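The values are calculated or read from the model by the stated rules, or taken from the named source; none is laboratory data. What you see is a predicted model; the values in this text were computed from it and never measured. Note that we place each Cβ from the backbone using ideal geometry, even for glycine, and neighbour counts take in every protein chain shown. For accessibility, only protein heavy atoms count, side chains too; no ligands or nucleic acids. Shrake-Rupley method; radii C 1.70, N 1.55, O 1.52, S 1.80 Å.
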Amino acid sequence: MTEPLIELRNITKSYGGENVLDDFSLSVEKNEFITLLGPSGCGKTTTLRLIGGFEKPDKGQVFFEGEDITDVPANKRRVNTVFQKYALFPNMNVRENIEFGLKIQKKSPEYIADKVKYALELVNLEGYEERNISQLSGGQQQRIAIARAIVNEPEVLLLDEPLGALDLKLRQNMQYELIRLKEELGITFIYVTHDQEEALTMSDKVIVMNGGKIQQMGTPEEIYNEPVNAFVADFIGDSNIIDSVMVRDELVRICGVEWPCVDKGFGEEKPVDVVIRPEDIIIGKPGEGRLDGKVISNIFIGIHYEMTILAGGFEWLVQNTVSHEVGEEVSIDVIPFNIQIMHKPIDKEEEAIDLDV
């Protein structure tokens, strides 16, 4: 088994006596695009700052290629960071911003010129060398911040919500640019965001965090299609999460009606949570599906209609390209593969599952 590029072992970090990370462990492999995803205060930015050397853990260790770097300062680590607010120098032009780190390292003028040219080509801003930072759009400033980071040839690029200040269309364009850069540079990206779309679009691996703990890690497909608990299911996209009972293997009782599913090993007559994505619900005529109901709301959101259907005493969120009028009688059904069964939390305070990370 190969040594992970970065490893955080049993990290505890607190501010003002409150733990932000609690016995937190994480491994990152070389050339991965990892996204730390979660709500504000979940510990994702603190994790990034610990890797970057901007914070030190209260307990635990940080390793880089097997070497303990817990006490190594930020400027001695083989990582660079791109912040949400870019942290560009307003009194310098584009070229001066990009070459700043190289001048600190006392690189030759020829080397610096070549590197600046290469970095600007990578971010598609050739010819912008003499522009003032104030003359650049938000998207261009973001590209310059990335160019300034990659010009130093880091092994790891840390990105702390770098697209947060951009409008929707530009943010989407930059997602694809970051994927391209990762492939061209062959370096490891560790990305922090609270935006689920960003995480699912760009990542090789998504790490969902809450309360200073890892809730789930996996590919975007695994995180979306197979959430391990209600928090992940609710945080990643829209979900119907329903109190149900596992009758036996491959059979679950939802809203008093038995539905075939594909899950096993939950026991018999055991309370469970069921997750059904809105786009997986099949709408039919009354009597065609497992539950009959009535459409109680319907809005058009551009690519589909988002409806609420009251059926079996539960308000089902349904997304469909075919509109059904408010008040219309319908039925709903779901194929067994699209019914996701989850263990119920032991209690309301349960924050996360145990993971070997």
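Using the Cα gyration tensor of segment 22-69, with a ≥ b ≥ c the square roots of its eigenvalues, what is the shape: rounded (a/c below 1.5), prolate (a/b larger than b/c) or oblate (neither)? Oblate is the answer for segment 22-69, as a/c is 1.5 or above yet b/c matches or exceeds a/b. Packing around the peptides 272-280, 321-329, taken as the average count of other Cβ atoms within 10 Å per residue, puts them in this order, highest first: 272-280, 321-329.
Each residue, Ile104 and Lys264, gets one label point 7 Å from its Cα in the Cβ direction; the gap between the two is 5.7 nm.
Close amide H partners of Lys270, meaning residues 5 or more places away or on another chain with modelled amide H under 5 Å apart, are Met246. Just the protein heavy atoms count here, and of the accessible area of the chain at 1.4 Å, carbon and sulfur take up 48 percent.
Backbone amide hydrogens, once placed in the peptide plane, bring Asn93 within less than 5 Å of nothing, excluding anything fewer than 5 places away on its chain. Here the calculated FRET efficiency for Lys294 and Lys30, from their Cβ-Cβ distance with R0 = 56 Å, stands at 0.55, rounded to the nearest 0.05. Please tell me which of these pairs span more than 25 angstrom C-alpha to C-alpha: Lys59/Lys106; Lys117/Lys182; Lys115/Lys182; Lys76/Lys106? Flagged as over cut-off: Lys59/Lys106. Rounded, prolate or oblate: which one fits segment 217-346, using the alpha carbon gyration tensor with axes a ≥ b ≥ c (rounded when a/c is under 1.5, else prolate when a/b beats b/c, else oblate)? Here segment 217-346 falls in the oblate category. Of interest is the spacing of the C-alpha centroids, which for segment 284-314 and segment 56-96 amounts to 50 Å. Per residue, segment 57-146 exposes 56 Å² of solvent-accessible protein surface, assessed with a 1.4 angstrom probe and all protein chains in place. On a per residue basis, segment 236-347 carries 51 Å² of accessible surface, using protein heavy atoms and a 1.4 Å probe.
If you wrap the Cα atoms of segment 1-131 in a convex hull and average its projected area over all directions, you get 10.5 nm². Set the Förster distance to 25 Å, then compute FRET efficiency between Lys117 and Gln175 from the Cβ-Cβ distance, nearest 0.05. So the FRET efficiency works out to roughly 0.50.
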